[in-house]
Amino acid sequence: MLVDRPLRVSFAGLKLENPLMLASGIVGVTVDTLARAVESGAGAAVSKSIGLEPREGYRNPTVVATDSGLLNAVGLSNPGARVFSEELSEVKGRRLPIIVSIFGGGPTEFGRVTEILDRNEFLAYELNLSCPHVEGVGTEIGHDPEVVASVVKAVRARTQKPIFAKLSANTHRMVDVARGAVDSGANGLTAINTMKAMTIEVETRRPTLSHKFGGLSGSGIRPIAVARIYELYENFKVPIIGCGGVSTWEHAVELILAGAISIEVGTALYEGYGVFNKINRGIEQYMKRKKYRKVQEMVGLGHRF
């Protein structure tokens with residue numbers, strides 16, 4: 001017999017009503033947009049990535065549709081840590097399950113952002129070590145295990161909140177990078193971010209994005225996410241947040257079976273906020289049919305074969 005709330009998950013000190021999260025980068029520079037995701041069925045919401053100073057991002061076009069997902073190069077636009085800290089002050093007493101994504105050009109910037117934000121009420125940090133289209137941050141940091149270790153140490157020295165390192169699949173050193181993060185104090189891993197990609201408009205012969213290169217999200221990257229989550233689960237004991245191309249309950253369960261305890265949903269949000277409840281219902285029906293009492297019982301089952 002199932003427990004009363006089979007979708008509840010607990011990991012790294014977090015207790016969520018269900019395993020779904022709003023992924024970083026879709027919406028989420030205001031408390032109201034983050035709260036809307038939670039009210040619509042997400043167990044938690046991850047903010048857009050916040051840097052030390054305000055950033056406008058790239059000029060349009062920044063997002064284009066492809067036959068395998070969305071290609072974006074928004075450019076990490078955000079209001080900066082000080083302004084976002086003021087926004088987060090509205091969370092006080094509301095008990096909203098918010099995770100804050102942060103980025104920087106190195107350990108010093110990551111540490112400073114943490115210092116500015118940390119007095120606010122939120123669950124955890126997600127370190128953006130994997131944006132594929134902004135110079136000087138993201139993958140340029142996240143491909144080097146030693147730099148990643150230094151970043152995690154800088155954040156850990158300034159917070160008691162859980163830290164999740166968001167990893168890039170655009171490198172053959174992902175396990176080495178993950179080890180640098182975990183050994184330096186990260187409580188868990190998020191995998192994966194968008195994949196570096198590009199499209200060209202054949203009539204104009206011009207790249208479709210203003211920045212030329214962007215990050216591919218959506219269905220085209222899900223098999224990559226499954227493989228990388230599977231690989232991380234075999235190498236580490238820390239909780240894994242899965243991300244990449246999830247739009248149905250089957251996709252979510254697939255990432256759970258690969259080793260993820262929680263699932264971020266991003267591009268599928270363009271279908272509407274109802275996607276969270278739709279996926280949750282499907283997971284719960286699957287659990288009932290397979291006689292699982294809680295999500296944790298399914299994590300990593302794909303490794304038994």
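Structural remarks
- Distant-in-sequence amide H partners of VAL134 (H built 1.01 Å from N, under 5 Å): THR139
- Backbone geometry of the stretch 48-57 corresponds, through the Karplus equation with coefficients 6.51, -1.76 and 1.60 at θ = phi - 60°, to 3J(HN,Hα) couplings of 4, 5, 10, x, 5, 10, x, 9, 6, x Hz, x marking Gly and Pro.
- Over 23 Å (Cα to Cα) - which of LYS161/LYS294; LYS48/LYS92; LYS166/LYS278 fall in this group: LYS161/LYS294; LYS166/LYS278
- Within the chain: Cβ-based charge dipole about Cα centre, in debye rounded to nearest 20 (Lys, Arg +1; Asp, Glu -1): 820
- Among 290-298, 41-49, the order from most to least packed when residues are scored by Cβ within 10 Å on average: 41-49, 290-298
- Value of relative contact order over the chain, rounded to a whole percent, pairs C-alpha under 8 Å and six or more apart: 19
- Put a plus charge on the Cβ of each Lys and Arg, a minus charge on the Cβ of each Asp and Glu, and nothing anywhere else: the dipole of the stretch 164-305 about its Cα centre is then about 300 debye.
- Antiparallel DSSP beta bridges within the stretch 148-305, as percent of all bridges there, nearest 5: 35
- Local electrostatic count, VAL147, Cβ distance below 14 Å [Lys/Arg +1, Asp/Glu -1]: -3
- Residue (of VAL175, VAL9, ASN60) at the positive-pole extreme of the chain, dipole from beta-carbon charges: VAL9
- Gyration tensor verdict on the stretch 1-122 (Cα atoms; rounded if a/c is under 1.5, prolate if a/b is larger than b/c, oblate otherwise): oblate
- Between ALA65 and LEU301, the simple label model (points 7 Å from Cα in the Cβ direction) yields a spacing of 3.5 nm.
- Simple rule: put +1 on each Lys or Arg Cβ and -1 on each Asp or Glu Cβ in the chain, find the dipole, and look at PRO223, TYR292, ASN193; the Cα lying farthest toward the positive end is TYR292.
- DSSP beta bridges confined to the chain are antiparallel in about 40 percent of cases.
Every number in this text was worked out from the coordinates using simple rules, so none of it is lab data. Remember, it's a predicted structure, so these values are computed and weren't measured experimentally. Here Cβ is always computed from backbone atoms with ideal geometry, including for glycine, and neighbour counts include all displayed protein chains.
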